[in-house]
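Q: Below is the structure I would like to discuss, written out as structure tokens.
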Amino acid sequence: MPSSKEYLDYVLEQLNMEDLSYRMMMGEFVLYYQDKVIGGIYDDRFLLKPTKGAIKLMEETYGDVQMDLPYEGAKEMLAADIDDKRLCRKLIEIIAEEVPAKKKKKRYGNKMGRRI
């Protein structure tokens, strides 16, 4: 079941973060913070990348970490409670610090396919 635009709007409203954006992909929504993938919305579930810092914060806050599969065959992700706005914002900031920036695409400028 694809995620609904209504749930996406709810998540974005709850987080209320300026540098947060999204891209629709195969019926789901990939979330970006400061142009870095930090998680997504899968089957109307808010899931985040399980970085070391994010896992540590979840353990300190809740005593354990809830993980969930975004889709069959994927790696597990952190299941975050979107109603805990302050924690979710902190998780997103931590994840953005720990994930690498997007790789720049190589440009090919001439007909011979040589890099510029």
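Q: List the number of the failed condition for D81; all other conditions in (1) within 17 Å of E13 (Cα to Cα); (2) modelled with pLDDT of 95 or more hold.
A: Of everything listed in (1) within 17 Å of E13 (Cα to Cα); (2) modelled with pLDDT of 95 or more, D81 misses just condition (2).
Q: Is it the case, given these coordinates, that A74 is at pLDDT 90 or above and assigned to a loop (DSSP other than H, G, I, E, B)?
A: For A74, the condition - at pLDDT 90 or above and assigned to a loop (DSSP other than H, G, I, E, B) - is met.
Q: Would you pick out the residues in the stretch 2-17 that are out of contact with any helix residue (DSSP H, G or I) (no Cβ under 8 Å at 6 or more places or on another chain), over 11 Å from R45 (Cα atoms) and hydrophobic (A, V, I, L, M, F, W, C)?
A: Within the stretch 2-17, L12 is the sole residue that qualifies.
Q: Right, something else. So is K75 of a type outside the set (F, W, Y) and exposed (fewer than 14 other Cβ atoms within 10 Å of the Cβ) or not?
A: yes
Q: Could you please find all residues in the stretch 18-42 being in a strand (DSSP E or B), without any contact (Cβ under 8 Å) to a residue 40 or more places away in the chain and more than 15 Å from E93 (Cα to Cα)?
A: Y22, R23, M24, M25, F29, V30, I41, Y42
Q: Tell me, please, whether a residue that is of a type in the set (F, W, Y), modelled with pLDDT of 95 or more and in a strand (DSSP E or B) can be found in the stretch 43-55.
A: yes
Q: Okay, moving on. Consider R45 against the criteria (1) buried (at least 16 other Cβ atoms within 10 Å of the Cβ); (2) closer than 23 Å to P100 by Cβ; (3) of a type outside the set (G, A, S): it satisfies all of them except one. Which criterion is unmet?
A: Status for R45: all satisfied but (2).
Q: Oh, and also: For K90, which of the numbered conditions (1) modelled with pLDDT of 95 or more; (2) under 24 Å from S4 (Cβ atoms); (3) not in a strand (DSSP E or B) fails to hold?
A: All conditions pass for K90, except number (2).
Q: If the Cβ limit is 8 Å and pairs must be 6+ apart or interchain, which residue in the stretch 91-107 that is free of Cβ contacts under 8 Å to residues at least 40 places away in the same chain pairs with which residue that is part of a loop (DSSP other than H, G, I, E, B)?
A: Once the first residue is free of Cβ contacts under 8 Å to residues at least 40 places away in the same chain and sits in the stretch 91-107, its partners that are part of a loop (DSSP other than H, G, I, E, B) give R107/I116.
The values are calculated or read from the model by the stated rules, or taken from the named source; none is laboratory data. Nothing here was measured: the structure is a model prediction, and the numbers come from that model. Cβ sites come from the backbone with ideal geometry, for glycine too, and all protein chains shown count toward neighbours.
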